[in-house]
Amino acid sequence: MKCRRAQQLLFDFFDGLSNETLRAELDRHIGECRECERFASEMSRSLSLLRRAPSASLDENFNWRVRLAIHRERTALRTRDTGSWVRAWNLRYAAGAGVAFALVLVAGVALQQSGMLDPGSSATVTSTAARDVPAVREVATRPSGAASLAQPSLVPRGASGTLVSDGGGSHSLVEGHAPLGAIDDPARTEAVMDSIFERQLVPLTPEQRAQLIERYIQRLQSRLPGQQPVPSQP
Amino acid sequence: MLTDTSRDRARWKDLTDEELMLKVQGGETDCYDVLVERYKNRLFNYLLRLTGNRDEAEEFAQEALVKAYIHAEKYKTIAKFSTWLYTIATNLVRNRVRSRSRAPQIFSLWTRVFGDGDDERVVDIPDDSQRSPEEAINDNELSEIISAAIQKIPEKYRTSFVLREVNEMSYEEIAAVTGLKLGTVRSRINRARNHFRQLIAPVLEKGIDF
């Protein structure tokens, strides 16, 4: 038997292995090998020394310290759980506020792009369906497919006034907001109207345009105090 | 006359660890006291041998018992409670060792017996040949020598060695606690035994027969 094998067997016997044949073989080797004899003696004595060393013990207070530590840990866990719940809700509120803000922003941009919030135009959009506004309804009748006057961005910058839609596709500039001097100066009124027509908001023939201008001037004049409405020409 | 609590406690003492843990999981948390009482000294001795420091060992024992209670719902009865508890304690020590950059604390007696260097085998204890072994070395000194020697065993061998030689666990249980294969556990324990033998040999050579 080699020393390495003998030492391995020795460990096995320390662990309680009982094999008479191997035991006899090991004893024979140890009896012949001084090195292994020394090894077996030292190993046996050192391990028995270890097992004989007094064991330490904890006092009764230890149990109370464990109880206290458990109580503290559970309290801390509860606080942590509550904290995480609050944090989760705060996060949800913050996310909700962010989404709401984004929606408002998108709506604002959409409105601005649609021209409803165009700061360059002094015109505002109202609906005669909701408000009873005396209006010159025939200013521009929107034919199918034509650009809509309801888009304030298309209203000439010089033509201040309230652009009114009657809800049925007709739009008009309400009197009182007509360009200054429009009534006194038919040429200026005509220029304003021309600027509208030049933008091809309403495709009209020159005759129709002249007729429309005439009717518009008459309407405006009829609104002046002491003036009787002039019947429109057919 | 026994109160309900006293009667319960008497009854709980007859239950196995696993049965007690099931009760703890079921809400009878007072049962845990019985487990603490059962394991505190065994766990403390294991940790004392492992760390070589009484305060640290007590701190680890407390932490392990608290952790076992807090995570009681994770315990499954397929494993022995002792194995589970020792695994928690071993991991606590392992994590502490990893996070610690300084070397483990060496007892003053270590220097007396084994010197400072790893290779030193010089026994420097006073000549006590005129005294009996009992007089030459008392229980406290013996405990310190053993602790110091165990601290000199490489950390990776130490855990398995202490579980085997101090706590008398089976190889299977040690494998479960350490997460090592059975063959590795066996080989580490034997290596640790050899280290321990070499470390204690100078004390034995001095003629102190235990």
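Give me, ordered by chain and number, the residues 5 or more places off residue B:169 or on other chains with an amide H under 5 Å from its own placed amide H.
For residue B:169, whose amide H was placed from the backbone, the distant partners under 5 Å are B:164.
When the Karplus curve 6.51 cos²θ - 1.76 cosθ + 1.60 is applied with θ = phi - 60°, which whole-Hz ³J(HN,Hα) does each residue of the range B:20-27 get, with x for Gly and Pro?
5, 5, 4, 5, 4, 4, x, x
Across the residues of A:96-102, average count of Cβ atoms on other protein chains within 10 Å?
Neighbouring Cβ atoms belonging to other protein chains average 0 per residue here.
Between the DSSP loop rule and a limit of at most 12 other Cβ atoms within 10 Å, which GluC sites (Glu not before Pro) in the range A:1-104 are left?
Of the GluC sites (Glu not before Pro), the ones in loops of the range A:1-104 whose Cβ has at most 12 other Cβ atoms within 10 Å are A:60.
Out of the range A:1-61, which trypsin sites (Lys or Arg not before Pro) are coil in DSSP terms and have no more than 12 other C-beta atoms within 10 Å?
Here the sparse-neighbourhood loop sites are A:2.
Count neighbours as other Cβ atoms within 10 Å of each site's Cβ, and list the trypsin sites (Lys or Arg not before Pro) in the range B:1-87 that are DSSP loop with at most 10 such neighbours.
B:76
Is there a simple number for the mean count of other chain Cβ atoms within 10 Å of the Cβ of residues in B:193-201, and what is it?
5
Can you give the mean number of other chain Cβ atoms that lie within 10 Å of the Cβ atoms in peptide B:35-46?
The mean count of partner-chain Cβ atoms within 10 Å per residue comes to 3.
Every number here is computed from the coordinates shown, using simple stated rules; none is lab data. Note that the structure is predicted; figures quoted are calculated from it, not measured. Note: ideal-geometry Cβ built from the backbone for every residue, glycine included; neighbour counts use all protein chains shown.
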